[in-house]
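Quick note: the coordinates plus some simple rules give every number you see, no bench work behind them. These numbers come from a predicted model, not from an experiment. We place every Cβ from the backbone using ideal geometry, glycine too, and count neighbours over all the protein chains shown.
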Amino acid sequence: MTAAASAAGPLLDVRDLRVTFATDDGPVIAVKDVSFTLERGEILALVGESGCGKSVTAMAVPRLLPDGDVTVEGTVTLDGVELTSLPEQRMQELRGKDVSVVFQEPMTSLNPAYTIGRQIGEVLQQHERLSRRQVRERTVELLALVGMPDARRRADSFPHQLSGGMRQRVMIAIAVACNPKVLIADEPTTALDVTVQAGVLDVIRKLRDELGTAVVLITHDLGVVADVADRVVVMYAGRRVEQAPVAEVFARPQHPYTVGLLGALPGRARLVDGRRRLTEIPGLVPAPTSDPDECQFHPRCPRATEACRGTRPLLEPKQAGHLAACHHPGPGGIQ
């Protein structure tokens, strides 16, 4: 990151984000006062179990949460523009151009009735003033950029004619068609085999290196985090519990939940009765209607005391500038 970029401040600044869904059982706070930043050219991973709020957090940035019974509080600032209060027409202009999303399941996101080329071309026609020939050439360039073999021929293919890895590359090509400043990738390697997964991660790295695109990577796979991310935000029950550079998190995890996640990695399996077993985090994720003002992890935490019950976790500064919402940190301790 250059000194000029650093002086200009973060590219994306999310402050005190709170997302509440109205349900028949009462309001559900899916995201609880989450804050984070994304620097220019950075890959930031949002990590946590299913249901921890990472996808809702990311979808709140480009305002893609469903209208109606959803309340979003806090601020989201992209390159100096505050998005939460922006008129919808202006927001539509920014989606796809300044901030773009790669959704989790390409087969449900791509239109089976249209060719790949047409679907990429629609984005270019929406945001760029290009002729039909220019759209075609740019489409082929984008497919080649994301590593699609025989890009010119594949532009005339339909989604069902492509493999899962190829469809995911198409989704990435659509998302980066207009060189967005921020790319949000929601579980881009889910259900892909290891070889294809590696190829998709190589594409994300390439986009960062060649286009300067900053990436918010949503994943539950810590192997993916170790492979491509620069920094990580760990979430639990809608709250950010730790954030740090990736090397710091793997070497010196601070929050007990982060310690538990790392302990469950296959490479850290323990010998039990002569057999290697993964270490699991006991208990269940709290119900979404549980009290948001108490420590949500204390029923599963090996370091919890009676003082943790009914106590809202405090954010305390630590070494390396990361934070942990916990009074009982991991092996490194709160510095």
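Some values worked out for this structure:
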item: Every pair of residues 6+ apart whose Cβ atoms lie under 9 Å, when the first sits in the range 89-116 and is under 18 Å from residue 219 (Cα atoms) while the second is of a type in the set (Lys, Arg) and assigned to a strand (DSSP E or B); result: 101/95
item: Of all residues making up the range 93-113, the number that are surrounded by 14 or more Cβ atoms within 10 Å (Cβ to Cβ), under 21 Å from residue 178 (Cβ atoms) and of a type outside the set (D, E, K, R); result: 10
item: Pair list, Cβ under 6 Å, 6 or more apart: the range 9-20 residue in contact (Cβ under 8 Å) with a residue 60 or more places away in the chain, other residue crowded, with 17+ Cβ neighbours inside 10 Å and polar (S, T, N, Q); result: 13/37; 13/77
item: Tally of residues being in contact with a Pro (Cβ under 8 Å, 6 or more places away or on another chain) and under 19 Å from residue 53 (Cα atoms) across the range 233-257; result: 7
item: Helices (runs of 4 or more DSSP H) lying entirely in the range 108-211 (those with 1 or more residues that are touching a Cys at 6+ places or on another chain (Cβ under 8 Å)); result: 116-127
item: Sole residue being within 30 Å of residue 265 (Cβ to Cβ), in contact (Cβ under 8 Å) with a residue 24 or more places away in the chain and either crowded, with 21+ Cβ neighbours inside 10 Å or charged (D, E, K, R) (or both), chosen from 76, 34; result: 34
item: Selection within the range 49-93 - out of contact with any Lys or Arg (no Cβ under 9 Å at 6 or more places or on another chain) and at positive phi; result: 51, 68, 80
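Residues are listed down the side, and each one gets a yes or a no for (1) free of Cβ contacts under 8 Å to residues at least 40 places away in the same chain; (2) touching a Gly at 6+ places or on another chain (Cβ under 7 Å):
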| site | (1), (2) |
| --- | --- |
| 224 | no, no |
| 238 | no, yes |
| 257 | no, no |
| 262 | no, no |
| 272 | yes, no |
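Here is a yes/no grid of residues against (1) surrounded by fewer than 19 Cβ atoms within 10 Å (Cβ to Cβ); (2) in contact (Cβ under 8 Å) with a residue 24 or more places away in the chain; (3) out of contact with any Asp or Glu (no Cβ under 9 Å at 6 or more places or on another chain); (4) not small (Gly, Ala, Ser):
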residue	(1), (2), (3), (4)
121	no, no, yes, no
124	no, yes, yes, yes
129	yes, no, yes, yes
158	yes, yes, yes, yes
168	no, yes, yes, yes
174	no, yes, no, yes
